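Student: Take this structure first; my questions come after.
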Amino acid sequence: MKDTGFLPRMCALCIVAGLAACAAPGDISRDNPDFFLVRADRENGQLSGGFNPAGFTPGEVARLVGEICTGGRLASFGTGAGGELVSFAATCAGGVADGARVAEIERAGPGTVVIEILGSDGRGNIRTRRTVVAL
């Protein structure tokens with residue numbers, strides 16, 4: 001039987017959905033500076049979230065959240081003051097890719113970050129994408 005990759009996608013879906021639903025993104029990012037969540041509004045191409053500056057620089061975050069955009073391009077990116085976390089807001093130049101609703105970004109080792117995107121096609125079908133990015 002050919003492995004279609006269904007099980008790994010379902011595992012990723014459960015992990016991302018569970019993290020998004022059960023814990024505040026800030027709680028996770030405070031405890032693990034190498035991890036942050038991104039909320040995506042596919043109707044207007046806006047992205048938002050918060051990251052721990054002990055794990056990522058604003059420049060790295062801008063580059064990484066750009067991967068969620070169609071064509072990989074941001075129209076704007078800004079950060080806000082915060083305590084332990086730095087909030088950010090961005091707008092995709094060409095809208096969000098893959099019908100994204102939420103993305104999980106985590107450093108996987110020195111110079112490597114994994115981005116897992118969960119979204120839908122607007123017809124009830126779930127879409128996932130996993131990208132490994134070199135920093």
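Student: Looking at the calculated P(r) for the range 37-83, what percent of the C-alpha pair distances fall above 15 Å?
Tutor: The share of Cα pairs beyond 15 Å in the range 37-83 comes to 41 percent.
Student: Now a separate question. Sorting check: for 91-101, 39-49, which peptide has the highest mean count of neighbouring beta carbons within 10 Å, and how do the rest follow?
Tutor: Peptide ranking by packing, descending: 91-101, 39-49.
Student: Restricting things to Cα coordinates, could you compute the convex hull volume per residue of the range 42-125 in Å³?
Tutor: Cα-based convex hull of the range 42-125, divided per residue, equals 95 Å³.
Student: How far, in nm, would the chain grow between VAL133 and ARG39 when pulled straight, counting 0.36 nm per residue and subtracting the alpha carbon separation?
Tutor: 31.9 nm
Student: Which distance in nm do the two modelled labels at ASP121 and GLU60 give, with both placed 7 Å along the Cα-to-Cβ direction?
Tutor: Spacing of the two 7 Å Cα→Cβ label points: 3.5 nm.
Student: Oh, and also: Divide the volume of the convex hull of the Cα atoms of the range 82-135 by its number of residues and quote the answer in cubic angstrom per residue.
Tutor: So the per-residue Cα hull volume is 114 Å³.
Readers should treat all values here as calculations from the given coordinates under stated rules, not as data from a laboratory. Just so it is clear, the model here is predicted, and its values are computed rather than measured. No Cβ is skipped: glycine too gets one built from the backbone with ideal geometry, and neighbour counts run over all protein chains shown.
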